[in-house]
Amino acid sequence: MATVIVVTSGKGGVGKTTTSASFAAGLAQRGYRTVVIDFDVGLRNLDLIMGCERRVVYDFVNIINGEANLNQALIRDKRVENLHILPASQTRDKEALTREGVERVLNELRQNFEYIVCDSPAGIERGALMALYFADEALVVTNPEVSSVRDSDRILGILASRSRRAEQGENPVKEHLVLARYAPERADRGDMLSVEDVLEILGIPLLGVIPESPAVLQSSNAGVPVILEEDSDAGAAYSDLVDRFLGKNLPHRFITAQKKGFLKRLFGGG
Amino acid sequence: MGLFENFFRGSSNKSAALAKERLQIIVAHERGSGRRGSPDYLPALKKELLEVVRKYVPVDPSQIKVHLDREGGYEVLELNITLPDEEPRSRRSSESSQKPGQS
Ligand SMILES: Nc1ncnc2c1ncn2[C@@H]1O[C@H](COP(=O)(O)OP(=O)(O)OP(=O)(O)O)[C@@H](O)[C@H]1O
Ligand SMILES: [Mg+2]
């Protein structure tokens, strides 16, 4: 039975696509047949982050409209076995995503994949609503910053009231917090919301903390999901996140500052 | 954060604490009209209920209150319609359906 996971946030630019790419690649690396779908119709980006932009022929909207079949549109990742990408259309708008169309495509994907990862566009409009509607689980990507936290709370409300699971009265969508672009030194200094602050406000389980890292930009320049950069801090954080998602109990790394301050050294805190 | 660090750092860097406090307030407020408080369909439900009731009783739109509460595993939908009696009284919907006011 396939699991549909939406990567969502409300606010734009917080790291949904970065997370979708690494999360999907991580699941596939661990042997699960995985497909990642770009729901950002009109602003396709996942193909660039995954490094397959030159291999896009057909897209999600083509499939919905019956202009191509899934086998023609799915792009097989060249580095990671079991990983496929379904790109968004660059020329259409989000109105092209009909609920029936999306459902049909997801049902077809369920036959062949174990995990279906949906990279949501920002906002709470049609594209974002379509991306989350069929979800079984949700990765809510949040930055430690007021507007992002507020928007995440809003998205949690929408997951709880407007997803298919909510509408059908089934078990609710399982929620996971992904705290991205975290800078422990700044949180320690008290000028950035801490992991605990965000957890206290949103009240959902923490799946992973991704540090603010230059590796993310570097890997996006190269079109490689950062999880494949195993020596990078962000890559390692995504790796842990995937393992936790699959049930491993791992401690959170990258939540305390690297260099200990004078007093911490003195008193051994940390 | 340790007591000592706080002491040495002084109170100049409290912006995260302020952010947290503001967020707690706004999020609690917004949940009242969205998450966990009342779902998105409540306004529409309220409007339709009002239309039905007004077929029989000339109630004022402001005199209908719909409220959803979650207690443990239960959800309680509370509907309060004040009928236009001589002395308007607030009653539960079950009572009001038994004894409609003048129409
Ligand atoms: N952990 C991180 N460290 C540093 N930069 C990051 C991190 N995560 C994301 N970024 C950067 O933030 C920017 C936005 O990331 P991304 O495209 O993944 O966000 P998004 O939520 O998908 O945006 P949109 O809402 O526009 O779809 C990119 O430039 C990316 O490189
Ligand atoms: Mg994106």
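The values are calculated or read from the model by the stated rules, or taken from the named source; none is laboratory data. Note that the structure is predicted; figures quoted are calculated from it, not measured. All Cβ positions, even for glycine, are placed from backbone atoms using ideal geometry, and neighbour counts span all protein chains on display.
Exactly one residue among A:E95, A:E125, A:E114 is modelled with pLDDT of 95 or more and surrounded by fewer than 17 Cβ atoms within 10 Å (Cβ to Cβ), and that residue is A:E114.
The number of residues in the range A:53-90 that are within 16 Å of ligand 1 (Cβ to nearest atom), assigned to a loop (DSSP other than H, G, I, E, B) and closer than 22 Å to A:Y115 by Cβ comes to 2. Applying the criterion of being in a loop (DSSP other than H, G, I, E, B) and in contact with a strand residue (DSSP E or B) (Cβ under 7 Å, 6 or more places away or on another chain) to the residues of the range A:16-40, the residue that is nearest to A:D119 (Cα to Cα) is A:F39. Just one of (1) within 24 Å of A:F245 (Cα to Cα); (2) within 15 Å of ligand 1 (Cβ to nearest atom) fails for A:G42. It is (1). The single residue among A:R150, A:R181, A:R186, A:R154 that is of a type in the set (D, E, K, R) and under 15 Å from the mean Cα position of the chain (by Cα) turns out to be A:R181. Of all the criteria given as (1) more than 14 Å from ligand 1 (Cβ to nearest atom); (2) touching a residue at least 24 places away in the same chain (Cβ under 8 Å); (3) farther than 21 Å from A:K174 by Cβ; (4) hydroxyl-bearing (S, T, Y), the one not satisfied by A:T3 is (3). Within the set A:L206, A:L217, the sole residue that is away from every other protein chain (no Cβ under 14 Å) and closer than 24 Å to A:R30 by Cα turns out to be A:L206.
Considering the range A:175-226, and only residues there that are near ligand 1 (Cβ under 10 Å from one of its atoms) and touching an Asp or Glu at 6+ places or on another chain (Cβ under 7 Å), the residue that is nearest to A:N45 (Cα to Cα) turns out to be A:S219. Among the residues of the range A:1-21, those identified as over 8 Å from the mean Cα position of the chain (by Cα), surrounded by 24 or more Cβ atoms within 10 Å (Cβ to Cβ) and either within 14 Å of chain B (Cβ to nearest Cβ) or more than 11 Å from ligand 2 (Cβ to nearest atom) (or both) are A:I5, A:G10. If you filter the range A:128-187 down to residues that are of a type in the set (S, T, Y) and within 12 Å of chain B (Cβ to nearest Cβ), you find that the one that is surrounded by the fewest Cβ atoms within 10 Å (Cβ to Cβ) is A:S147.
Consider the range B:24-49 and keep the residues that are modelled with pLDDT of 80 or more and more than 8 Å from chain A (Cβ to nearest Cβ). The one that is surrounded by the most Cβ atoms within 10 Å (Cβ to Cβ) is B:L49.
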